[in-house]
């Protein structure tokens, strides 16, 4: 990752694509906590008070600052390539959709160390008094590890207090700010310079420590990805790349905590508002943090808090020496950042409002309507969304027109000519009380014996004004589910809403599931199918839509877990805009099982070809997004195979019940239930789906 050796990386792109990311374990040479502990234990009370008032004194509050190499490694994987003229004073990283900067400005604000112009003393101006008095003279060689032992053996209580202070200042500077391997020699020049305390204090320790950490961060992952791949070819059990990091790594950690809000309390806890900012944080032991957890979090926009591109001083910091020393050296934001932010290599999600929007001004009903706004703020009348093609015309007397953006869903053009789309409610996984029970009694057919759970919905649906409840959806939404309107064909918005409830229930009972499983939304299949393009695609040179990447970390609102945390994935599939089926992906067996409620009507040979996107494109995508880098135990040389499940419960031909069957099969599989239902249960299931959405909770 040396700048001169990366000519093929475009400015604004990450050095490593997501497919090249790999687990890593960092050994930090910085021993902040152990050095603080040694200083506190060895210095006398008076000497320690003197140290507290000196240039490094504030770091005494970092006595429990654990190193979190997993977090730092995940940051380094996301370093962004810079222009040559901007790299010397700032590093850029991509977190989710955001770019964040680490420069001398952020460094000084976090560490409390000052910037400035450095002036080294000439050798003939330096004396070796401390070396001669306490460390065996100028000819003795002392490495870093040996100095640790010597420091702990010194009798500080018998030492001049100023000498004790000088040795402690040197020890901190050399072991923390200048951290390197144990076999390296100590910086004897610094040991000589500290005897002139006024000179030593005026040195720009912010600049000196920044130069070292900059060089360390900017070069540490160079060719590590290739090394990881080559080692894995020789040794399949090689699942993690180990490397060292030099300099004041604790300062980088503190900057990460400042720049990325919302980090879990199991990683770091903010104690109180203090300055400099490193004093605000207490990192947790790194043994409690795993790579996949951090990797998923950094790519999950829904879990990230505010991500700060740069750090700015507050009112208290504005008057501190470390800010005054650096404020006139503020690096400018490079033009490529302003141009590319916020989407550079973004792992985009599907839009929050799951609908397909059209420009109503197109009155030519023989051609697809144009895209109005896939991401924009639009409002007005709702459109009716369908994912199967009902015969004839709509209930409005107008032809059904497919969106050319996706092969699915099919939709009724809205009547009103002004802004025509009512955004669907934002899908969110709600916080239910967590039940840690190992089992839970689940009976989706319970309502057949107890219809009382439907009573409130029935009163609301019939217009009973005494039912006072805020319902997110209009009655027309429920009419489609119940099969009393639009021939009962469920659209993407109905599928997504119920999948969200299934995910919430799964989160509520995390220990009750028999297998690790999650599901995607309906758009995942659309992405795969468009890439397949009926077989007219160059498989070895596919360009994947970045919006697909968010599925890896479970960032879609309907997903309860990331793909890397499960062994089974359920994918709702819309075939040719006419029929819903469910695909169950088994990552451990490289197999895809198809559940089709009209399988008895299918031509087996031709039918299987429809699932080539899952057999071919899906496996390529897993490699592209680095799935097997996170779950290397699942990598297999066996080709993916599609299997049709002949025992799938069947619907009545000629009905629009396939969406209902897909939702029920999804719920049954998620909770490990046998598929013991049939077409006679459809009317009940429609009522159950409507009531569960009405109550915003699935009754098990």
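Among the numbered criteria (1) under 31 Å from the mean Cα position of the chain (by Cα); (2) modelled with pLDDT under 80; (3) closer than 24 Å to residue 577 by Cα, which single criterion is violated by residue 515?
(3)
Any residue at all in the stretch 102-123 that is touching a residue at least 60 places away in the same chain (Cβ under 8 Å), outside any helix (DSSP H, G or I) and in contact with a strand residue (DSSP E or B) (Cβ under 6 Å, 6 or more places away or on another chain)?
yes
Consider the stretch 79-90. How many of its residues are closer than 19 Å to residue 220 by Cβ and either without any contact (Cβ under 8 Å) to a residue 12 or more places away in the chain or surrounded by fewer than 22 Cβ atoms within 10 Å (Cβ to Cβ) (or both)?
7
Among the residues of the stretch 302-337, write down those that are part of a loop (DSSP other than H, G, I, E, B), at pLDDT 90 or above and in contact with a strand residue (DSSP E or B) (Cβ under 8 Å, 6 or more places away or on another chain).
308, 309, 310
Kindly indicate the residue of the stretch 274-301 that is touching a strand residue (DSSP E or B) at 6+ places or on another chain (Cβ under 8 Å) and surrounded by fewer than 19 Cβ atoms within 10 Å (Cβ to Cβ) and also farthest from residue 26 (Cα to Cα) among those meeting that condition.
My answer is 282.
Of all residues being outside any loop (DSSP other than H, G, I, E, B), surrounded by fewer than 20 Cβ atoms within 10 Å (Cβ to Cβ) and out of contact with any strand residue (DSSP E or B) (no Cβ under 6 Å at 6 or more places or on another chain) in the stretch 11-25, which is modelled with the highest pLDDT? Just the residue, please.
Applying the filter and picking the extreme gives 20.
Counting residues that are out of contact with any helix residue (DSSP H, G or I) (no Cβ under 7 Å at 6 or more places or on another chain), outside the structural domain of residue 310 (by TED's automatic domain parsing) and farther than 21 Å from residue 302 by Cβ, which strands (runs of 3 or more DSSP E) fully inside the stretch 231-285 reach at least 3?
none
Take residue 411 and tell me if it is under 30 Å from residue 577 (Cα atoms), outside any loop (DSSP other than H, G, I, E, B), at pLDDT below 70 and more than 29 Å from the chain's Cα centre (by Cα). Before you say what the answer is, go through the steps one by one.
On the way: under 30 Å from residue 577 (Cα atoms): yes; outside any loop (DSSP other than H, G, I, E, B): yes; at pLDDT below 70: yes; more than 29 Å from the chain's Cα centre (by Cα): yes.
Yes, satisfied.
Each row is one residue, and each column tells you yes or no for (1) surrounded by fewer than 22 Cβ atoms within 10 Å (Cβ to Cβ); (2) in contact (Cβ under 8 Å) with a residue 60 or more places away in the chain; (3) closer than 25 Å to residue 656 by Cα; (4) touching a strand residue (DSSP E or B) at 6+ places or on another chain (Cβ under 6 Å).
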| residue | (1), (2), (3), (4) |
| --- | --- |
| 552 | no, yes, no, no |
| 562 | no, yes, no, no |
| 565 | yes, yes, no, no |
| 583 | no, no, yes, yes |
| 595 | no, yes, yes, yes |
| 601 | yes, no, yes, no |
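For the stretch 210-223, does any single residue satisfy the condition of being touching a residue at least 40 places away in the same chain (Cβ under 8 Å), part of a helix (DSSP H, G or I), crowded, with 20+ Cβ neighbours inside 10 Å and out of contact with any strand residue (DSSP E or B) (no Cβ under 9 Å at 6 or more places or on another chain)?
Within the stretch 210-223, none of the residues are touching a residue at least 40 places away in the same chain (Cβ under 8 Å), part of a helix (DSSP H, G or I), crowded, with 20+ Cβ neighbours inside 10 Å and out of contact with any strand residue (DSSP E or B) (no Cβ under 9 Å at 6 or more places or on another chain).
Restricting to the stretch 525-536, name every residue that is in contact with a helix residue (DSSP H, G or I) (Cβ under 9 Å, 6 or more places away or on another chain) and crowded, with 17+ Cβ neighbours inside 10 Å.
Result: 525, 527, 528, 529, 531, 532.
If I ask for residues that are in contact (Cβ under 8 Å) with a residue 12 or more places away in the chain and more than 35 Å from the chain's Cα centre (by Cα), which ones from the stretch 459-478 would you list?
Step one: of the stretch 459-478, the residues in contact (Cβ under 8 Å) with a residue 12 or more places away in the chain are 460-461, 469, 471-478.
Within the stretch 459-478, 460, 461, 469, 475, 476 qualify.
The values are calculated or read from the model by the stated rules, or taken from the named source; none is laboratory data. These figures come from a predicted structure and were not determined experimentally. Every residue, glycine as well, gets a Cβ built from its backbone with ideal geometry; the counts of neighbours run over all protein chains shown.
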